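A.B. asks: Pasting a structure here, questions to come.
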Amino acid sequence: MKIKWFGQSCFIITSESGIKVLTDPYKKMLGYELPEMEADIVSTSHNHKDHNNINVVKNSFIHINEPGDFSEHGIEIKGIQTFHDKTSGSKRGQNTVYNFNIDDINICHCGDLGHVLDANQIEEIGNVHILLLPIGGLATINAFDAVQVMKQLNPTIVIPMHYRTKALGIAGYIFSKVDKFISASGLKAKEYGELELSKANIKDYSGMVVLKYD
């Protein structure tokens, strides 16, 4: 499979058979610009404009935007209800964490998770090979809470998202840089433009992977 990051919480995950999963597409904002996309499945973790711009996809697709169990294009998807804040959603509402089984690899996309997980949520999410984890703070968990969530789910690979990059310009100062999470985690980060792996070689990439924003 291939995993490419487009900034914020937006990724394209392409299976070995060519099925494309797009997560949390955004409207042009904060310095990021998303090109027109093609995707077979689009997931949105919550209904905020930097996560729900499904109109960027120009072909027909399946839209997953709620908790539950789904099976589409040979991909098993589980949505788990969480919250966008530490007060059970009273400030920013609900958030859905998705676990995708693609090519026998479980990829957990946390959306704008705003809190550490409870025991029931950890059990519902289940086994995680690749964790796509917000780490920038303010609208999501910060670097230190992110480390705790990483330890709760114990993935083979963690990929940080939703943090300050150069593309964000001045607006990016509301978020922390990825360096803060790297330091707090104690892991050595490897950087790629795009991650390409399989079940056979996933352990070769174990630890933290930082994907570049083009």
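A.B. asks: Quick one: work out Rg over Rh on the C-alpha atoms of region 68-139, Rh as Kirkwood radius.
C.D. replies: Using only Cα positions, Rg/Rh for region 68-139 is 0.99.
A.B. asks: Roughly what % of Cα-Cα distances in region 27-147 sit above 18 Å, to the whole percent?
C.D. replies: 54
A.B. asks: What residues qualify as long-range amide H neighbours of GLY136, i.e. H under 5 Å apart, gap of 5 or more or another chain, H built at 1.01 Å from N?
C.D. replies: The list, which skips near neighbours in sequence, is empty: none.
A.B. asks: So what's the back-of-envelope 222 nm ellipticity for the chain, counting only DSSP H runs of four-plus at -39500 (n - 2.57) apiece and dividing by all residues, rounded to 500?
C.D. replies: Working: 3 runs with 26 residues, N = 214.
It comes out at -3500 deg cm²/dmol, rounded to the nearest 500.
A.B. asks: Let me ask something additional. Roughly what % of DSSP beta bridges within the chain run antiparallel, to the nearest 5?
C.D. replies: Roughly 55 percent of the DSSP beta bridges within the chain come out antiparallel.
A.B. asks: How do 129-136, 57-64 rank on mean C-beta neighbours within 10 Å, highest first?
C.D. replies: Per-residue mean Cβ counts within 10 Å order the peptides as 129-136, 57-64.
A.B. asks: Right, something else. Amide H of GLY207: which non-local residues (sequence gap of 5 or more, or other chain) have their own amide H closer than 5 Å, using H built in the peptide plane?
C.D. replies: Long-range HN contacts for GLY207: ILE157, VAL158.
A.B. asks: If r is the Cβ-Cβ distance from PHE144 to SER60 and R0 is 45 Å, what FRET efficiency results, to the nearest 0.05? Walk me through the numbers before you get to the answer.
C.D. replies: Details: r = 42 Å, r/R0 = 0.93.
After rounding to 0.05, the efficiency reads 0.60.
A.B. asks: Starting from the amide H of TYR26, placed 1.01 Å from N in the peptide plane, find each other amide H under 5 Å away whose residue is 5 or more places distant or on another chain.
C.D. replies: It is ASN53, by chain and number.
A.B. asks: So what does the Cα-only Debye profile of the chain read at q = 0.14, 0.15, 0.17, 0.18 Å⁻¹, as log10 I(q)/I(0), no solvent term?
C.D. replies: -0.77, -0.90, -1.22, -1.41
A.B. asks: Give me SER15, SER206 ranked fewest to most by other Cβ atoms within 10 Å of their Cβ, as a rough exposure proxy.
C.D. replies: Lowest to highest Cβ neighbour count: SER206, SER15.
Here, each number is a calculation from the coordinates, and none is a lab measurement. If you're wondering where the values come from, they're calculated on a predicted model, not measured in any experiment. Glycine gets a Cβ as well: all are built from the backbone with ideal geometry, and neighbour counts include every protein chain shown.
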